[in-house]
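The values are calculated or read from the model by the stated rules, or taken from the named source; none is laboratory data. Because the structure is predicted, anything quoted here is derived from the model rather than measured. Neighbour counts are summed over all protein chains in view; Cβ atoms, including those assigned to glycine, are modelled from backbone coordinates with ideal geometry. These accessible areas exclude ligands, DNA and RNA; they are computed on the full protein's heavy atoms, side chains included. Shrake-Rupley method; radii C 1.70, N 1.55, O 1.52, S 1.80 Å.
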Amino acid sequence: MDDIINFRKKFFSSDSSFKVKDQKIDECVADFYRKEIESTGRQYIDSAYVRSIIGAVVSWVRGDYKCCFFTGGVGLGKTAMLKAIIKLFDMARDPINIPPLKCRALVYYDATELCEKYVTSEDARYESFNCKLLVIDDLGCEPEVSVSFGNKKKPINEILVARYASRLPTIISSNLTPEESAERYGNRVADRVNETFQFIESPPHQS
């Protein structure tokens, strides 16, 4: 847990290259989120519910939760919030080297793309296990089983179990409910997700 908190804190510490510049973290998240919503041509609507979601994200950034799982139906702003979080960390991230492969500190994948690369790229597989922050968008849209050299694999199951063992933070967005996720990925993964993830329901009518 200390490693997770320290990883986040370094982006917001006084000696970090990341500078908030007269804005609180919650204001930065709200600003990035608003811009992501508006970039899709939709109107950003401020509300107490939206502010509560932003507050939950800020709590994660500050280390109150190990991982975040954004859930809700199609078009409710989950991807916009993921991109807002990425922009925060992207202002300070640099590639880091973990021999023998280069491993980025922050890695973003659509779930389908992640599964495809997991079975075809050693670098992508290594990154998914070892990056400091893994962001997975649209979980549940990927094939349940991927085939590599005739071997059937369940990339998402393997990745989440590995990151749980390493206590590395992960952010997920999905149209699946927690119950549907448990049914799709099995009890072993569900137990680890329930233990380490903060579930955040996306606000309605946002993106």
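General remarks:
- Between the amide H of Asp110 and those of Asp137, distances stay under 5 Å, these residues lying 5 or more places away or on another chain, with hydrogens modeled in the peptide plane.
- Rounded accessible area of Leu168 (nearest 10 Å², 1.4 Å probe): 30
- Counting only heavy atoms of the protein chains and using a 1.4 Å probe, Arg62 has close to 140 Å² of accessible surface.
- Other residues lying with their Cβ under 14 Å from the Cβ of Thr177 contribute a combined charge of -2, Lys and Arg counting +1, Asp and Glu -1.
- Karplus-derived 3J(HN,Hα), 6.51/-1.76/1.60, for each residue of segment 132-148, Hz, glycine and proline x: 5, 9, 10, 10, 10, 9, 6, 4, x, 8, 7, x, 5, 10, 10, 10, 10
- Ranking Phe129, Phe70, Phe197 from most to least accessible surface, computed with a 1.4 Å probe over the protein chains only, gives Phe129, Phe197, Phe70.
- Heavy-atom accessible area with a 1.4 Å probe sorts Lys78, Lys83, largest first, into Lys83, Lys78.
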